[in-house]
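The values are calculated or read from the model by the stated rules, or taken from the named source; none is laboratory data. Keep in mind that this is a model prediction, so the values were computed, not measured. Note: ideal-geometry Cβ built from the backbone for every residue, glycine included; neighbour counts use all protein chains shown. SASA here: full protein model, heavy atoms, side chains in, ligands and nucleic acids out. Shrake-Rupley method; radii C 1.70, N 1.55, O 1.52, S 1.80 Å.
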Amino acid sequence: MRFDLTDLRLFQNVVQAGTITGGAERTHMTLASASERVRGMEAELGVALLVRDPRGVEPTEAGRTLLHHARAVLLQMERMHGELGEYGAGLKGHVRLLCNTSALTEHLHEALSSFLALHPRISVDLEERASHDIVEALRSELGDIGIVSDAVDLAGLESFVFREDHLVLVVRRGDALAKRRRAALRDMVDREFVGLTGSSPLQELVSHHAKRLGRRLAYRVRVRHLEAVCRMVEQGIGVGIVPQTVAARCARSMKIARIALTDDWAVRNLMVCVRRREDLPSNAQLMLRHLLEAP
């Protein structure tokens, strides 16, 4: 098949507009040209991409598949243009770094800031994702370096220990659980929880393991930051699960108690991983070396 970027952009615009006329206008194309291109795409594939009726158009199953890939290709092209444009502005290099919640919030700031200070003409595209998404992205060559939990399958990747990152339960001082030194998730699945908003990778991890126990956690509230989780726990709103570095820092100023989690998935290391170290671009190799040597 021989779709070009104009075809993909047109199809995306048609689906977003709900009509071929609207898609043609968004693509700055005549209606006749847009209609011809869509028919040509359908002829090339041998299947209908759109269901047409007097009210507009809807993508077929094949059309939804094409739309998914069109969005991915167009996004990659936008990133490519952005990165190449930075070279024209004097940039020497670019590194795509993917990391999970704990790495981003607790362990990466000093190492990343010192790397950028040492290499002022290298920029970093930093993205937070769940660990399992990161390893798949690296295997698909959609990132240079990843920082993930060692609980995920790292087959096919080279990995190096970056930091310890054990998860702990935090409860209000005076809570019945506060007297315990160790606990498992199954001991608290009936409690009300304070969690993180949106699709936080850390929250997805905890919820996933609760489902494996056949339970769904009850969240009183979801907040945006790990410190806010601890603050809500201090007020007796619920219990929470956070990295031990967060809990230790917050316990110095908040009335919370920390309880070690005994679940295997909670006792973990953060790993720096790449597809093949020797295949990395030189700028990514510099960053990898810096991350592994940073105190």
Rounded to the angstrom and largest first, Cα extents along the principal axes for the chain equal 74, 48, 33
Here the FRET efficiency for GLU164 versus MET80, based on Cβ atoms and R0 = 41 Å and rounded to 0.05, is 0.65
Listed residues VAL152, VAL51, VAL242; largest mean-square fluctuation, Gaussian network over the chain with Cα springs below 10 Å, found at VAL51
The simple spin-label model distance between GLU36 and VAL189, using points 7 Å out along Cα→Cβ, in nm, is 6.2
With every protein chain in place, the accessible area of HIS69 for a 1.4 Å probe, in Å² rounded to the nearest 10, comes to 110
Lone Cys, the chain, Cβ cut-off 4.7 Å -> CYS99, CYS273
Note on the chain: contact order normalised by length, alpha-carbon pairs under 8 Å, 6 or more apart, percent, works out to 20
Extension length gain for ALA43 and LEU118 (0.36 nm per residue less Cα distance), in nm, is 21.6 nm
With -39,500 (n - 2.57) per DSSP H segment of 4 or more residues and division by the full residue count of the chain, the 222 nm estimate, nearest 500 deg cm²/dmol, is -13000 deg cm²/dmol
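Set the Förster distance to 45 Å, then compute FRET efficiency between THR197 and ARG52 from the Cβ-Cβ distance, nearest 0.05. Numbers along the way, then the final one.
On the way: r = 40 Å, r/R0 = 0.89.
So, using R0 = 45 Å, E works out to roughly 0.65.
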So, with points 7 Å from each Cα along the Cβ direction, the ALA72-SER253 label distance in nm works out to 4.3
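On full extension of the chain, what length is gained from HIS225 through ARG64, given 0.36 nm per residue of separation minus the C-alpha to C-alpha distance?
Here the answer is 54.5 nm.
If you roll a 1.4 Å probe over the heavy atoms of the protein chains, what accessible area per residue do you get for the chain, in Å²?
Working: 15830 Å² over 295 residues.
Using a 1.4 Å probe on heavy atoms only, each residue of the chain averages 54 Å².
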For region 132-252, averaging the sequence separation of alpha carbon pairs under 8 Å that lie six or more residues apart and dividing by its residue count, the contact order in percent is 30
Membrane-span-like helices (DSSP H runs, Cα span along own axis at least 20 Å, mean Kyte-Doolittle at least -1.0) in the chain -> 31-45, 61-88
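For region 243-295, what class follows from the C-alpha gyration tensor (a ≥ b ≥ c being the square roots of its eigenvalues): rounded when a/c is under 1.5, otherwise prolate if a/b is larger than b/c, else oblate?
Numbers: a/c = 5.43, a/b = 2.23, b/c = 2.43.
Oblate is the answer for region 243-295, as a/c is 1.5 or above yet b/c matches or exceeds a/b.
Report the FRET efficiency, 1/(1 + (r/R0)^6), for ASP125 and GLN16, where r is their Cβ-Cβ distance and R0 is 22 Å, rounded to 0.05. List each step's numbers first, then the result.
Details: r = 26 Å, r/R0 = 1.16.
According to the calculation, E is roughly 0.30.
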